[in-house]
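Right, one structure below, let's go through it.
The values are calculated or read from the model by the stated rules, or taken from the named source; none is laboratory data. Please read these numbers as outputs of a predicted model, since none were measured by experiment. Cβ: placed from backbone, ideal geometry, glycine included. Neighbour counts: every protein chain shown. Accessible surface is based on the protein model in full, side chains and every heavy atom, while ligands, DNA and RNA are left aside. Shrake-Rupley method; radii C 1.70, N 1.55, O 1.52, S 1.80 Å.
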Amino acid sequence: MKLKLDITPDIVAMMAAEVAAGERAVTVAMREAGAGLKSAWRAQITGAGLGTRLANSIRLASFPKSGESLNAAALVWSNAPVIVGAHDTGPLIRSKSGFWLAIPTPAAGKSTRGGRISPGEWERRTGLRLRFIYRRRGPSLLVAEGRLNSKGRAVASRSKTGRGVVTAPIFLLVPQVKLPKRLDLARDAERAHTKVPGLIVANWVDDRIG
């Protein structure tokens, strides 16, 4: 006697379809989680008043770049890790030489390269010499004799009589600075991580419905 067994539906086909659905669900879930984390980090940075330029340093890459996989992953990072990391941890900053940190006042202006100007660059740009004033209380100073222009910046005076010449504080000197913690990136990363299982299930169910 010869027996023939037919299984309906095809179990092998069903398993293959289920694996494919899982691959799609995991891949979509990781892309959604990565995009959500990128948006959350950018919103944190702009909300902390650090500007859109620094916020746009947050990048996202999803793997695989094409196709679908049960091992799909998302990577979110910053192209300015030192700056973002400093605002995330609130470090204590000391001078590399072990002496003073020079913090420019409004009278110093900006560096020609953008950002904070150094005492050496300020002297080269203005042609004025900085003079050190030690103070027991409060930060010590680097000052210069000159005049203040319409923007409140110290420049060399052309007056032969000394009219309008002032002694202007150009830099505040402090031994160290505690940068305030303005970001909490780990908080958003943990939230994104906890959402992943739910996203996988939701996308798996949607795929079955579709």
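Note that the chain presents 68 Å² accessible area per residue, ligands and nucleic acids not counted, probe 1.4 Å.
Applying a 10 Å radius around every beta-carbon, put 20-29, 115-124 in order of their mean neighbour count, most first. Display every interim value, and only then the final one.
On the way: 20-29: 19.3, 115-124: 14.4.
Top to bottom by mean Cβ count within 10 Å: 20-29, 115-124.
For Ala80, no residue 5 or more places off, or on another chain, has a built amide H under 5 Å of its own. Set the Cα radius of gyration of the range 102-210 against 2.2 N^0.38 Å, with N its number of residues, and you get 2.00. Counting only alpha carbon atoms, the long axis of helix 185-209 and the longest principal axis of the chain meet at about 30°. In angstrom, the C-alpha Rg and Dmax of the range 38-128 are 19.3, 65. Residue-wise HN-Hα couplings along the range 62-69, as the Karplus relation 6.51 cos²θ - 1.76 cosθ + 1.60 with θ = phi - 60° gives them from phi, are 10, 10, x, 5, 9, x, 10, 7 Hz; Gly and Pro carry x.
Could you tell me which of the pairs Lys38/Lys195; Lys38/Lys110; Lys65/Lys181 are separated by over 23 angstrom between their Cα atoms in the structure shown?
On the way: Lys38/Lys195 14 Å; Lys38/Lys110 31 Å; Lys65/Lys181 35 Å.
Violating the 23 Å Cα-Cα cut-off are Lys38/Lys110; Lys65/Lys181.
A full extension of the chain between Phe99 and Glu123 corresponds to an added length of 6.7 nm, given 0.36 nm per residue minus the alpha carbon distance.
For the chain, count the residues as N, evaluate 2.2 N^0.38 Å, and divide the Cα radius of gyration by that value, please. Kindly include the intermediate steps, with their values, before the conclusion.
Numbers: Rg = 30.0 Å, N = 210, 2.2 N^0.38 = 16.8 Å.
Rounded to two decimals, the normalised Rg is 1.79.
In this structure the amide hydrogen of Ser140, modeled in the peptide plane, comes within under 5 Å of the amide hydrogens of Arg135, Leu173, none closer than 5 places in sequence on its chain. Here is how the number arises for the chain: DSSP H runs of 4 or more residues each give -39500 (n - 2.57), the sum is divided by the residue count, and the result at 222 nm is -13000 deg cm²/dmol.
Of the peptides 38-51, 185-198, the ranking by mean beta-carbon count within 10 Å, highest at the top, reads 38-51, 185-198.
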